[in-house]
Amino acid sequence: MRGIVFLFGLLFSTSVLAQFHDPVKWSMTQQKVGGNEFEISFTADIEEGWNVYSQYLESEDGPIPTSFNYDEGDHFELVGKNVEEGFKKEGHDEVFDMNLVKFYKKVTFTQRLKILDASKPVKGYLEFMTCDDERCLPPAEKEFEFLFDLGASNEGGAPEGELASADLASEQQEAETVIPSEEATEVEPVNQIPSGLIEPVKWNLRIDPAEDGQYTLIFEAKMEEGWSIYSQHTEDNGPIPTEFDFDEGDHYEVVGEVEEKGKKKEGPDPIFDGVNVIKYVNSPVLFSQKVKVTDPAESITGYFMFMACDDKMCLPPEEVPFSFNIAKNQVVIRNEIPLAEGDTPAAKSGFKDVYNTSVPNVEAPLGQCGESQERSANLWNIFILGLAAGFIALLTPCVFPMIPLTVSFFTKGSENRRKGITNAILYGFFIFLIYILLSVPFHVMDSVNSDILSQISTNVALNLFFFAIFLFFAFSFFGYYEIALPSSWSNRSSSAESAGGLIGIFFMALTLALVSFSCTGPILGTLLVGAVTADGGAMQLTAGMGGFGLALALPFGLFAAFPGWMNSLPKSGGWLNTVKVVLGFIELALAFKFLSNADLVQRWGLLKIEPFLIIWILIAIAMALYLFGFIKFPHDSPGRQTSPVKTGLGLASLGIAVYLAFGFQYNKGIGSYQPLTVLSGLAPPVCYSWIYPCDCPQGLTCFKDYAEGMAYARKVNKPVMIDFTGYACVNCRKMEEHVWPRSQVYNYLKDDYVLISLYVDDKKLLPEKEQVMVERVTGETRRLRNYGHKWANFQEYFGANSQPYYVLLTPEGKPLNAPVGYTPDPEEYAQFLECGLTTFKRISER
């Protein structure tokens with residue numbers, strides 16, 4: 001029953017991909033009540049509209065009750081029951097349709113303990129579930145740890161340092177924690193995260209004492225589920241590895257290198273186009289550095305840097321300063337490291353000092369149009385693609401002749417016409433079902449490893465494999481060999497047809513699927529690759545297979561119901577082989593698309609835009625020559641004649657070649673070739689060129705410094721689009737290569753906006769005078785060392801820290817409308833740009 005409730009919570013939970021949502025904040029206190037007895041209290045501060053549940057519910061059929069679980073030990077005893085006090089509401093709950101006791105606003109749970117051995121901490125975890133009126137978040141666990149001083153007085157609570165020793169992942173704690181004990185020092189500096197910002201990695205730091213003046217400094221990372229950080233030893237050209245930088249000093253020396261320990265995963269990473277990486281996928285991950293200390297009173301300082309990714313995006317690398325003081329047993333993390341002698345707090349720079357603009361008010365844009373909306377995956381496009389592929393497969397020699405034969409079998413071999421039509425419709429339904437079932441294994445793979453379909457689309461080796469397999473398909477269609485499944489499969493299926501009834505009809509459908517594989521196999525392969533290389537995973541493949549199966553099934557049901565229609569069908573003949581050969585040319589062209597993918601990832605420079613276009617032009621010309629009768633393939637009839645249809649298709653092929661040739665047209669406005677809209681996502685980007693390489697995406701004019709871009713915008717009086725991007729951002733490249741070239745988008749970016757691209761992972765160091773300490777939007781402080789730090793910190797003030805992220809501003813820096821992130825739909829992205837431009841024109845006319 002608890003499993004059902006947990007599922008219920010998951011189904012009603014909100015996504016944390018684009019926004020961190022934590023409606024319950026926990027804090028803890030302890031108080032001595034006399035002798036060796038203490039009271040420990042757990043207080044939940046609950047956001048408006050949310051609630052948590054009592055420990056004492058009448059049934060297990062509802063939500064997860066709040067519970068407190070203590071690690072076993074003989075050093076303490078529980079005294080009485082846990083007492084709960086707060087804003088209570090009892091009665092019928094619509095979410096769970098039962099009577100419940102729940103708390104809102106604030107509740108405190110208090111447990112009395114008898115401490116028998118104060119040298120050992122009391123550890124455990126609390127579990128709770130939180131819901132509002134519409135949904136529930138999954139049950140969460142929060143670990144805690146208490147240390148007790150039997151000599152403490154009864155007045156007041158425990159010192160703040162002792163309270164902060166509890167390990168609460170969502171608790172807002174001071175970044176500086178002092179625990180005067182011999183136990184390891186631990187701190188978890190988690191600040192309140194503004195809406196839209198993502199902080200999936202929490203760090204704990206502690207000091208483990210050793211012998212002979214040596215200590216071990218521990219850096220422990222805890223990641224949210226689905227997020228990873230990367231090893232210090234991961235491969236170049238991919239994610240930013242975790243690294244540790246210790247400031248030099250005479251008071252200590254490092255012993256050996258930083259060691260790392262955790263659950264490791266090594267192999268191609270789809271986020272980085274198949275680059276081999278070493279990443280840690282489960283918490284905790286421990287990094288440890290041994291140090292030999294000669295002066296424990298002086299702090300050991302430095303910073304560590306890490307990058308966090310899930311299966312869809314990466315956050316910009318974050319640099320985190322730290323300080324260990326051995327004598328005080330003190331750890332400082334994230335917040336400003338203690339100032340050196342002679343420094344003053346005035347060294348911290350304000351937002352306007354760094355960015356020469358006021359803090360943006362993204363909550364009150366000048367226009368209210370173009371609000372970003374949550375999008376669901378659209379499966380209709382892939383379904384229509386499958387439907388089209390199925391109709392093409394109907395025209396192949398393996399399938400087309402079967403239509404009149406099979407329909408006649410059902411209509412003439414049945415007891416009556418009604419029975420024949422029913423059997424034919426069942427036959428079509430089973431064809432549809434068989435192709436749906438072919439996608440089931442991919443759902444299994446997707447559930448076992450959610451990365452597997454993404455790896456198919458981005459892995460270099462797999463793209464090279466697709467290149468080879470599409471060449472294989474193409475020459476099969478040309479007639480040089482046949483692709484066939486083992487004959488024993490079709491023989492067994494055919495023998496099962498004699499079973500009669502539904503089973504016999506099913507095996508008739510299966511036999512058609514097997515014997516027609518030599519024609520449908522390459523088309524299915526193309527559909528398979530097209531589906532799994534699109535966002536949406538295995539459901540894309542099911543939609544595509546469903547469309548393919550439906551197209552194959554429709555003729556059998558329709559022609560059985562309306563047999564007169566079959567008289568209008570063309571007779572089988574050499575034209576069926578022509579269809580196969582034309583498909584072969586299409587397969588050949590698509591093969592070079594996958595070779596281009598691998599070339600783009602590895603930057604080999606083999607298949608830049610020029611050779612790619614030349615190859616496709618030659619394929620289009622070769623297809624035209626074949627249709628005109630100048631080229632023949634093995635299965636073509638000796639006396640093959642041209643026809644008006646073939647001539648028309650041949651002229652269309654020449655038209656395609658001419659259109660592709662326009663891809664070599666130089667566009668002075670962008671300083672490179674004219675992008676071909678139809679080839680968006682198929683051909684390499686025009687800037688990937690031997691002759692006309694360009695610095696900005698699609699040859700647009702862009703600025704890579706905010707101040708320069710804004711100054712130019714004021715000069716020409718145009719609105720600004722800030723493009724928060726990254727060199728390692730795959731979705732950024734998808735937007736630049738697939739969405740920006742579309743005419744409805746490109747014209748806005750070229751003519752109406754000043755484009756400022758800010759790279760949040762730019763490692764180029766800032767000038768020394770600009771490497772200042774600044775306050776983050778979270779309230780912490782950080783030092784800006786490079787341009788990536790500067791722009792990543794800037795982006796946080798717009799309410800997000802993932803890329804790509806697009807912000808439209810006036811030349812004075814005021815937001816025009818709500819910013820958007822990854823928007824693969826060109827129409828929706830164009831509406832976003834149009835909204836900002838309309839708002840700018842409206843306020844300019846005042």
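Per-structure values
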item	result
Filtered residue count, the stretch 635-683, keeping only those that are assigned to a loop (DSSP other than H, G, I, E, B) and either open to solvent by 80 Å² or more (accessible area, probe 1.4 Å) or modelled with pLDDT under 75 (or both)	19
Selection within the stretch 444-464 - assigned to a helix (DSSP H, G or I), surrounded by 15 or more Cβ atoms within 10 Å (Cβ to Cβ) and at pLDDT 55 or above	460, 462, 463, 464
Candidate set from the stretch 768-790 (those that are open to solvent by 10 Å² or more (accessible area, probe 1.4 Å) and either modelled with pLDDT of 85 or more or in a helix (DSSP H, G or I) (or both)); member that is nearest to residue 320 (Cα to Cα)	790
Test: residue in the stretch 753-762 that is free of Cβ contacts under 8 Å to residues at least 12 places away in the same chain and of a type outside the set (Phe, Trp, Tyr)	no
Residues of the stretch 217-226 satisfying the condition of being surrounded by 20 or more Cβ atoms within 10 Å (Cβ to Cβ) and farther than 19 Å from residue 302 by Cβ	223
Residues located in the stretch 69-85, provided they are touching an Asp or Glu at 6+ places or on another chain (Cβ under 8 Å) and part of a strand (DSSP E or B)	69, 76, 79
Test: residue in the stretch 253-260 that is assigned to a loop (DSSP other than H, G, I, E, B) and open to solvent by 40 Å² or more (accessible area, probe 1.4 Å)	no
Test: residue 277 is over 26 Å from residue 792 (Cα atoms), touching a Phe, Trp or Tyr at 6+ places or on another chain (Cβ under 7 Å) and either at pLDDT 80 or above or open to solvent by 60 Å² or more (accessible area, probe 1.4 Å) (or both)	no
Within the stretch 88-97, considering residues that are assigned to a strand (DSSP E or B) and within 19 Å of residue 137 (Cβ to Cβ), the one most open to solvent (accessible area, probe 1.4 Å)	89
Residues located in the stretch 40-64, provided they are open to solvent by 20 Å² or more (accessible area, probe 1.4 Å), part of a loop (DSSP other than H, G, I, E, B) and not hydrophobic (A, V, I, L, M, F, W, C)	47, 48, 49, 55, 56, 58, 59, 60, 61
Sole exception among (1) open to solvent by less than 30 Å² (accessible area, probe 1.4 Å); (2) assigned to a loop (DSSP other than H, G, I, E, B); (3) of a type outside the set (D, E, K, R); (4) at pLDDT 80 or above for residue 238, by number	(4)
Filtered residues of the stretch 723-767 (kept if more than 15 Å from residue 695 (Cα to Cα), open to solvent by 60 Å² or more (accessible area, probe 1.4 Å) and of a type in the set (Ser, Thr, Tyr))	743
Residue 624 assigned to a helix (DSSP H, G or I), among the small types (Gly, Ala, Ser), at pLDDT 85 or above and in contact with a Gly (Cβ under 7 Å, 6 or more places away or on another chain)	yes
Cβ pairs under 8 Å, 6+ apart, first in the stretch 206-227 and closer than 14 Å to residue 252 by Cα and part of a strand (DSSP E or B), second open to solvent by 30 Å² or more (accessible area, probe 1.4 Å) and among the aliphatic types (A, V, I, L, M)	214/255; 216/210
Filtered residues of the stretch 65-87 (kept if open to solvent by 80 Å² or more (accessible area, probe 1.4 Å) and acidic (Asp, Glu))	72, 74, 77, 85
Among (1) modelled with pLDDT under 85; (2) more than 27 Å from the chain's Cα centre (by Cα), the one test that residue 729 misses	(2)
Residues satisfying the stated conditions in the stretch 282-315, i.e. without any contact (Cβ under 8 Å) to a residue 60 or more places away in the chain and open to solvent by less than 10 Å² (accessible area, probe 1.4 Å)	302
Test: residue in the stretch 805-814 that is buried (at least 17 other Cβ atoms within 10 Å of the Cβ), at pLDDT 85 or above, part of a loop (DSSP other than H, G, I, E, B) and in contact with a strand residue (DSSP E or B) (Cβ under 7 Å, 6 or more places away or on another chain)	yes
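Table: residues versus (1) outside any helix (DSSP H, G or I); (2) within 27 Å of residue 269 (Cβ to Cβ).
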position: 689; (1), (2): yes, no
position: 707; (1), (2): no, no
position: 711; (1), (2): no, no
position: 724; (1), (2): yes, yes
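The values are calculated or read from the model by the stated rules, or taken from the named source; none is laboratory data. Remember, predicted model here, so these are calculated numbers, not experimental data. So basically every Cβ, Gly included, is an ideal-geometry build from the backbone, and we count neighbours across all protein chains shown. The area values use the complete protein model at the heavy-atom level, side chains included, leaving out ligands, DNA and RNA. Shrake-Rupley method; radii C 1.70, N 1.55, O 1.52, S 1.80 Å.
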